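Before any comments, here is the structure.
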């Protein structure tokens, strides 16, 4: 073979080797990048879980640890179910929901002829998980401009801070967001929303102290439509659930904004303070009856030892839980996940 042919042959072989190495290198880089993304997502999820677990420590200590002790020390008999019932009621799970869970547990135990407390414990865990799984429905911001969220609730539940947390959350998701300061009964609420929103460069539509809340909502929606804003969040004043004239004011807001958009609001969220315990049942009943609430946000779960009220709310109303609040930071408003919640308050029996 002459030198020219040899050179051509080696040149061809080398080009194939280089090309193959490049393909393998690109594949390795792609695989590494994919592994890195998967690992990052896994770490984020794990961090969220540990944060939730830490935030629910009071509920776990009050409820989860007591439940674990009951099943660790007792045999399956009447005394066990009675103590279990007392613990659940004291944890704000409510009488009706507790009785339903206990009766189902007794029926399963008898039907399956269970003698091992560990097996009954896991059935209890599954039954309570099932209650929460039914309301695990994250809020989907549909492709509708603007998507209107109306926040309602009694005084002190954290509506204004929740409004800002939602706004920041959706902005980080790449959506344009606008806030409406329709809590005109407190000058401080208007100022608070303006100041916090300005820090995050989120526009706020507001009027003077004691202005008509419906007029504020109307102006905000009109502005959001003209600016093609993705999400409009309307913050309203806290009002007692048993004051019908105050609930009528919320109905007026709904009627007024429907003049601009017949489908608005797209979501009516009741903000619930977990620290209010069984009072939240009456609150939810009255607000739901008046406004047909479409979602719940349960705040301050980190501040109560009786987070069991979430089971009573879920069992009685079946209203989707959109988010739960587990702290003061904007990142502490997280999408509700029933698996994580159950695993945060229940111990593993050995």
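Laboratory data are not the source of any read-out in this text; all were calculated from the coordinates shown. Note that this is a predicted model, so its numbers are computed, not measured. Virtual Cβ from ideal backbone geometry, glycine too; neighbours counted across all protein chains shown.
Give me Rg/Rg_expected for the range 284-331, where Rg uses Cα atoms only and Rg_expected = 2.2 N^0.38 Å with N residues.
1.22
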Inset, instruction - Obtain the nm distance between the two label points defined at residue 133 and residue 282 by a simple spin-label model: each point lies 7 Å from its Cα along the Cα-to-C-beta direction. - result: 3.4 nm
Inset, instruction - First measure r as the distance between the Cβ atoms of residue 212 and residue 289, then evaluate 1/(1 + (r/R0)^6) with R0 = 22 Å and state the FRET efficiency to the nearest 0.05. - result: 0.35
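How much length would be gained if the chain were fully extended between residue 115 and residue 103, taking 0.36 nm per residue of separation minus their Cα-Cα distance, in nm to one decimal?
Going from the current span to full extension adds 2.6 nm.
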Inset, instruction - Determine the relative contact order of the chain: mean sequence separation of Cα pairs under 8 Å and six or more apart, normalised by residue count, in whole percent. - result: 25 percent
Legend entry - Separation of the residue 248 and residue 123 label points, Cα + 7 Å toward Cβ, nm: 5.2 nm
Inset, instruction - Using Cα centres only, tell me the gap between the range 133-176 and the range 178-201 in whole Å. - result: 15 Å
Inset, instruction - Convert 20 °C to kelvin, take the viscosity as 1.002 mPa s, use the Kirkwood radius over C-alpha pairs of the range 87-178 as Rh, and evaluate the Stokes-Einstein diffusion coefficient in µm²/s, rounded to a whole number. - result: 125 µm²/s
Inset, instruction - Note down the nm distance, to one decimal, between modelled labels 7 Å out along Cα→Cβ at residue 173 and at residue 194. - result: 2.9 nm
Inset, instruction - Mind jotting down a quarter of the surface of the convex hull over the alpha carbons of the range 46-121, in square nanometres, one decimal? - result: 5.7 nm²
Legend entry - Rg/Rg_ref, the chain, where Rg_ref = 2.2 N^0.38 Å and atoms are Cα: 1.32
Inset, instruction - Sketch the reach of a paramagnetic label on residue 61 as a point 7 Å from Cα along Cα-to-Cβ, and name the residues of the range 271-315 whose backbone nitrogen lies under 16 Å away. - result: 301-308
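Mind jotting down a quarter of the surface of the convex hull over the alpha carbons of the range 212-350, in square nanometres, one decimal?
In nm², the orientation-averaged hull projection of the range 212-350 is 9.9.
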Inset, instruction - Only helical DSSP H runs with n ≥ 4 go in: add -39500 (n - 2.57) per run for the chain, normalise by residue count and round the 222 nm mean residue ellipticity to 500 deg cm²/dmol. - result: -18500 deg cm²/dmol
Inset, instruction - Please report how far the C-alpha centroid of the range 280-350 lies from that of the range 78-107, rounded to the nearest whole angstrom. - result: 20 Å
